[in-house]
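Here's the structure, in structure tokens; my notes come after.
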Amino acid sequence: MKNISELILALSSLKNRNYFFITENLENTEQTEKKLGLKFPDAISKFYSIYNGGFIPNSLISEKKINDGRFYDEIEWESNAFLNLEDILYYYNLEKENAINFKQEEHLNSKRLIPFFRTKQQELLVFTENSLILRAKEMDNNEISWIHLYQNFESLLNEYIKNKGEISL
């Protein structure tokens, strides 16, 4: 498996199918960590010190639509995407009906659960303090079961790049 530096370099080779945004201020990651009260695992911290989220457009989206420029939000919504730091805080603090209450889930599961990735099916993936990548699965009784998807951030990013924006759920 490639290390985080090799994976970040591989993203830049995707040209117009790369919607990853260079971080403008290196302090943003530290500020987000401070607001969450959690130091990001090293690979995630390195990723966000370079990119403030982004995505590879879903392969079913035409080049014409991608190049048009008017459909950015729609393309992002239909693609698997890494949340930007602002959205990480938004989803983490969201306390609406029909939304995951991450603070409550952390209390119930005795581990930190930080949302950082939205799938094209509109599901959120989280990382834990030890870098496991989990997906929420809603149960019949309105409880949430956390499904282990990837051992670490590098595994997810490696599959994401190799499969041009697709991941296994």
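The values are calculated or read from the model by the stated rules, or taken from the named source; none is laboratory data. All of these numbers come straight from a predicted model, not from anything done at the bench. No Cβ is skipped: glycine too gets one built from the backbone with ideal geometry, and neighbour counts run over all protein chains shown. Surface accessibility is based on the protein's heavy atoms, side chains included, excluding ligands, DNA and RNA. Shrake-Rupley method; radii C 1.70, N 1.55, O 1.52, S 1.80 Å.
Brief remarks on what is shown
- Single unsatisfied condition, residue 52 versus (1) out of contact with any Phe, Trp or Tyr (no Cβ under 6 Å at 6 or more places or on another chain); (2) polar (S, T, N, Q); (3) open to solvent by 20 Å² or more (accessible area, probe 1.4 Å): (1)
- Whether a residue is of a type outside the set (Phe, Trp, Tyr), under 24 Å from residue 22 (Cβ atoms) and surrounded by fewer than 18 Cβ atoms within 10 Å (Cβ to Cβ) was assessed, and residue 133 does not pass this test.
- Checking 74, 30, 78, 95 one by one, the residue that is surrounded by 14 or more Cβ atoms within 10 Å (Cβ to Cβ) and without any contact (Cβ under 8 Å) to a residue 12 or more places away in the chain is 30 and no other.
- Members of the range 159-169 found to be in contact with a strand residue (DSSP E or B) (Cβ under 9 Å, 6 or more places away or on another chain) and either without any contact (Cβ under 8 Å) to a residue 40 or more places away in the chain or open to solvent by 40 Å² or more (accessible area, probe 1.4 Å) (or both), listed by number: 159, 168, 169
- Any chance residue 156 is in a helix (DSSP H, G or I), under 21 Å from residue 12 (Cα atoms) and within 16 Å of the chain's Cα centre (by Cα): yes
- Scanning the range 108-121 for residues that are touching a residue at least 40 places away in the same chain (Cβ under 8 Å) and either of a type outside the set (Val, Ile, Thr) or open to solvent by 60 Å² or more (accessible area, probe 1.4 Å) (or both) yields a total of 4.
- Residue in the range 139-156 that is surrounded by 19 or more Cβ atoms within 10 Å (Cβ to Cβ), modelled with pLDDT of 90 or more and hydrophobic (A, V, I, L, M, F, W, C) present: yes
- Set side by side, the residues 38, 11 differ, and just one is open to solvent by less than 10 Å² (accessible area, probe 1.4 Å), outside any strand (DSSP E or B) and in contact (Cβ under 8 Å) with a residue 12 or more places away in the chain, which is 11.
- The combined condition, being under 30 Å from residue 104 (Cα atoms) and of a type in the set (Phe, Trp, Tyr), is not fulfilled by residue 19.
- All positions within the range 8-58 that are polar (S, T, N, Q) and modelled with pLDDT under 85: 12, 13, 16, 18, 23, 25
- Among the residues making up the range 68-92, those that are over 23 Å from residue 43 (Cα atoms), out of contact with any helix residue (DSSP H, G or I) (no Cβ under 7 Å at 6 or more places or on another chain) and assigned to a helix (DSSP H, G or I) are 68, 72, 73, 74, 76, 77.
- For the range 98-107, residues that are surrounded by fewer than 12 Cβ atoms within 10 Å (Cβ to Cβ) and either touching a Cys at 6+ places or on another chain (Cβ under 9 Å) or of a type in the set (A, V, I, L, M) (or both) total 1.
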